[in-house]
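K.L.:
One structure, pasted below without further comment.
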Amino acid sequence: MKIIYSKKFEERYHTNPVENPDRAIWPAQELAGREFVEPLPASLEDVSRVHSPEHIDMVRRKGMLQPALLAAGGASLAAELALAGEPAFGLIRPPGHHASSTHAWGMCYFNNMAVAIKKIEDLIEGKIEGRTGKVLIIDIDLHFGDGTVSIFRWDEKVKIVNIGAIDVGFDYLKLDRSGYLEQVERALAIHDFDLVAVSAGFDTYIEDWGGLLTLEDYHEIGQIVKEEAENKCSGRRFAILEGGYHDELRLCVKSFVEGFE
Ligand SMILES: [Zn+2]
C-alpha cells in the first residue's frame, strides 16, 4: 500500500493551533518502511470542478492556496492509485470535509475528497468495464462532513455515509463502540460501489474529543473496508486524513493503515 506524503505537510501555517505539523510528522514516522509517494499540487482546474472562483480567491487571500492545493493533490493521487488497483492512504493536511463549494470552516480550505473524486469520476466509468462509476465515501471523523455532503448532494453516483457523526454543536455521539462498527459494516453492505473512499478523521478516538474508539477499533474499521472493497470492487479503496488532534493520532493512523492495507 502506498502512503501519500510530502515534507511540505510538515509546514506550520496560520490556523487553529491544534491543526499543527505534528499531525503529519508523527504518523509519518509510525508508517516508516512503507512506500511513500510525493504528490503534486492539484491544479486550479481540478479545484475549480468543486469550488467557486470566489472561494479559491478567499483561500488565496488567507495565504493558504499552496498548502490547500497540495493536500487536494495528495487526495487526488490516492484516488488515482486506488482506481489503478493500488490501495493508498493520504497522510495530508489541511483537512477538507468542512469545505463546500463556497465556504469552509473547521480548519478546512479545499475539499480534498471532493477534488479527488471529481478528478477520477469520469475515469471510473470508462475504466471499469460494465460499471457505472459509483463511489461510496465513508466519513469516520467525529464531525459531520457537511462540505462533502453539500458538494455531492445532487450526484447520484456518489453516496456518503457519516458514521455516528455529531452535527454542528455539542450533541455527543450516541453510539457505543460496537454500534459504531456495525454502522461501518452496514454502510458497506447496503451500498453498491466501484470504489470506496474513507474520510479518515480520528477525533472519535478514546483519548481525543469523541472519547469512544480504541486503536483496535480503527484497525477493525480499516479491515472491514478492505474486505468489503475486495468483495465488491476488486479492492479499489483509498483513505485520506481529516481530523484527529490527540498526540496518539500517530497510533490511530497506524492501526487503521494496518487493517486497511
Ligand atoms: Zn473532526
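K.L.:
So which lysines pass the test for Lys7, namely a Cα distance under 27 Å, with those fewer than 8 places away in the same chain ruled out?
P.N.:
Lys62, Lys118, Lys119, Lys254
K.L.:
Okay, moving on. What is the magnitude of the charge dipole of the chain about its Cα centre, with +1 placed on the Cβ of each Lys and Arg, -1 on the Cβ of each Asp and Glu, and no other charges, expressed in debye to the nearest 20?
P.N.:
Dipole magnitude for the chain comes out near 700 debye.
K.L.:
Suppose we take every Cα in region 1-110 and form the convex hull; what volume per residue is that in Å³?
P.N.:
Once divided by residue count, the hull of region 1-110 is 91 Å³.
K.L.:
Can I ask one more? Please give, to one decimal in nm, the separation of the simple spin-label points placed at Gln223 and Phe36, each 7 Å out from Cα toward the Cβ.
P.N.:
Each label point is offset 7 Å from its Cα along the Cβ direction, giving 2.8 nm.
K.L.:
Just order 224-237, 10-23, 75-88 by mean Cβ neighbour count inside 10 Å, highest at the front, would you?
P.N.:
75-88, 224-237, 10-23
K.L.:
Here is a follow-up. What percentage of the solvent-accessible surface of the chain, computed with a 1.4 Å probe over protein heavy atoms, is contributed by carbon and sulfur atoms?
P.N.:
After summing per-atom areas, the C and S share lands at 49 percent.
K.L.:
Using a 1.4 angstrom probe on the protein heavy atoms only, line up Asp155, Asp247, Asp176, Asp194 by accessible area, largest first.
P.N.:
The ranking, largest first, comes out as Asp247, Asp176, Asp155, Asp194.
K.L.:
If you roll a 1.4 Å probe over the heavy atoms of the protein chains, what accessible area per residue do you get for the chain, in Å²?
P.N.:
Result: 42 Å² per residue.
K.L.:
Let me ask you something else. Per residue, how big is the convex hull around the C-alpha atoms of region 2-260? Give it to me in cubic angstrom, could you?
P.N.:
With only Cα atoms used, region 2-260 gives 110 Å³ per residue.
K.L.:
Towards the positive end of the charge dipole of region 1-106, with charges on Cβ (+1 Lys, Arg; -1 Asp, Glu), say which of Ile4, Ile56, Ala88 has the farthest Cα.
P.N.:
Farthest along the dipole direction, towards plus: Ile56.
K.L.:
Considering only the chain, what is the antiparallel percent among its DSSP beta bridges, to the nearest 5?
P.N.:
5
K.L.:
Let me ask something else about it. With an 8 Å cut-off on Cα pairs and a minimum separation of 6 or more residues, tell me the relative contact order of the chain in percent.
P.N.:
21
The values are calculated or read from the model by the stated rules, or taken from the named source; none is laboratory data. Not measured: the values here are computed from a predicted model. Glycine gets a Cβ as well: all are built from the backbone with ideal geometry, and neighbour counts include every protein chain shown. These accessible areas exclude ligands, DNA and RNA; they are computed on the full protein's heavy atoms, side chains included. Shrake-Rupley method; radii C 1.70, N 1.55, O 1.52, S 1.80 Å.
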